[in-house]
Amino acid sequence: MEKLIKLFFFTISFITVFMFSPLIKDWISNFTTIKHFQKAEEVNKPMIENTNTKNTKFAVSQYIGKSEQEILKIYGKPSRKVPSQYDYDWLIYDKDSSKYAQFGVLNGKVVTIFVAGNSVDISPFEMGSHYEETMDNISLHEKFSFSIQSNQYTFKLSATDLQERPLVSLNNCYAQLYFDRFTGSLLGIRYLSPETLVKQRPYELIYSGSLINAKPLNSLHQAVVDREEEKQIFNLTNVYRKRMNLTTLKWNNEAAKVALGHSKDMVQHKYFDHYSNLYGSLADRLNDANVPYRLAGENISANYVDGIASVFGWINSKGHRINMYKKEYTSLGVGAYSKYYTQNFIK
């Protein structure tokens with residue numbers, strides 16, 4: 001009998017440990033998970049994953065880690081230098097849509113680059129190439145792990161991430177590829193240093209140690225960033241309309257005021273919808289502001305990394321894409337407020 005009792009308690013103990021071992025493991029590891037919410041095989045360290053032998057000597061990615069002076073020497077004076085939400089300043093080159101590029105500079109060094117221009121060298125990738133063609137030359141991974149000092153970070157990509165914005169590890173940085181899920185073509189690319197990737201957190205993140213955060217912006221600096229993101233959204237909308245052989249849109253200042261008002265209203269009253277309990281529908285808001293129109297459309301988004309990411313979110317959403325590429329529209333107003341973005345299209 002005594003042996004049976006001991007066997008019984010041993011069995012219970014074994015089952016208990018087996019059932020709760022994942023919880024014990026998580027408690028010991030002290031890992032934290034951050035999931036990225038936006039309304040629109042493991043690599044242990046940065047390494048080149050591309051098997052293409054194309055010469056990458058002059059690829060734009062090589063400027064990650066280089067000085068701001070080197071960028072100015074090669075590309076000349078930018079259209080403007082403006083702040084971002086992630087500590088770095090953008091050097092914007094947007095006068096020629098085929099050469100559209102932005103270089104993020106922090107403490108005099110390039111920490112991120114965004115390219116939309118189809119004549120910019122993004123080797124080993126090629127702007128406009130099909131998803132399948134691009135994937136033939138790289139190894140696609142669902143997880144990326146790396147350490148910064150004593151902190152460990154692992155990004156996990158969802159099925160949608162892998163299809164629309166996969167992440168690729170290069171020699172000196174990471175590359176986030178933006179694909180059009182309807183045509184499969186590569187629309188843009190963002191290069192990031194590991195620190196910048198952690199600050200932006202575009203994917204689900206599991207980490208241990210300390211989390212690297214961008215410095216919070218006061219209301220004045222946030223407003224400056226918001227006005228700049230409006231310009232970037234407007235310019236990128238025209239970059240992609242032009243690529244679709246559509247006429248580019250003119251800036252509509254009155255529609256922009258209405259768009260900003262809606263973004264601000266959504267933030268302040270904690271909702272996400274085209275209809276406002278205070279100001280009604282888009283038609284109501286345009287009429288109240290005396291904005292003349294024969295046809296109007298609206299896109300909204302929230303909690304994307306920035307305005308750039310929001311544009312790709314709209315392109316990859318059927319309803320929003322219709323507005324982006326509707327040939328009848330002639331002008332556009334954009335309103336950004338604390339990562340809430342509104343586009344008002346007007347004919």
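The values are calculated or read from the model by the stated rules, or taken from the named source; none is laboratory data. What you see is a predicted model; the values in this text were computed from it and never measured. Positions of Cβ are backbone-derived with ideal geometry, glycine not excepted, and every protein chain shown enters the neighbour counts. Accessible surface areas use protein heavy atoms only, side chains included; no ligands, DNA or RNA. Shrake-Rupley method; radii C 1.70, N 1.55, O 1.52, S 1.80 Å.
Basic side chains Lys and Arg get +1 at the Cβ, acidic Asp and Glu get -1 at the Cβ, and with that the dipole of the stretch 287-347 about its Cα centre reaches some 260 debye. Would you give the gap between the C-alpha center of the stretch 69-131 and the C-alpha center of the stretch 188-208, rounded to a whole Å? Value for the Cα centre distance between the two parts: 18 Å. The listed residues Y63, Y191 rank as Y63, Y191 when sorted by accessible area, largest first, using a 1.4 Å probe.
Pairs from the table (K143/K264; K156/K347; K264/K326; K156/K326; K215/K347; K77/K156) lying more than 32 angstrom apart at Cα are K143/K264; K156/K347; K156/K326; K215/K347; K77/K156. The residue among V82, A116, I64 whose Cα reaches farthest toward the positive pole of the charge dipole of the stretch 50-142, with charges on the beta-carbon of Lys, Arg, Asp and Glu, is V82.
Ligands, DNA and RNA excluded, the heavy atoms of D87 present near 50 Å² of accessible surface to a 1.4 Å solvent probe.
Distance from the alpha carbon centroid of the stretch 299-320 to that of the stretch 134-159 works out to 23 angstrom.
A simple count of charges around Y337, restricted to other residues whose Cβ falls under 14 Å of its Cβ and scoring Lys, Arg +1 and Asp, Glu -1, yields -1.
Below 14 angstrom from the Cβ of L186, what's the summed charge of the other residues (Lys, Arg +1; Asp, Glu -1)? Net local charge, L186 excluded: -3. In the stretch 176-254, Cα pairs under 8 Å separated by at least six residues give a relative contact order of 14 percent.
Note on exposure: R190, R227 ranked by accessible area (1.4 Å probe, complete protein assembly) read R227, R190, with the most exposed listed first. Rg then Dmax, both in Å and based on the Cα atoms of the stretch 206-278: 16.9, 50.
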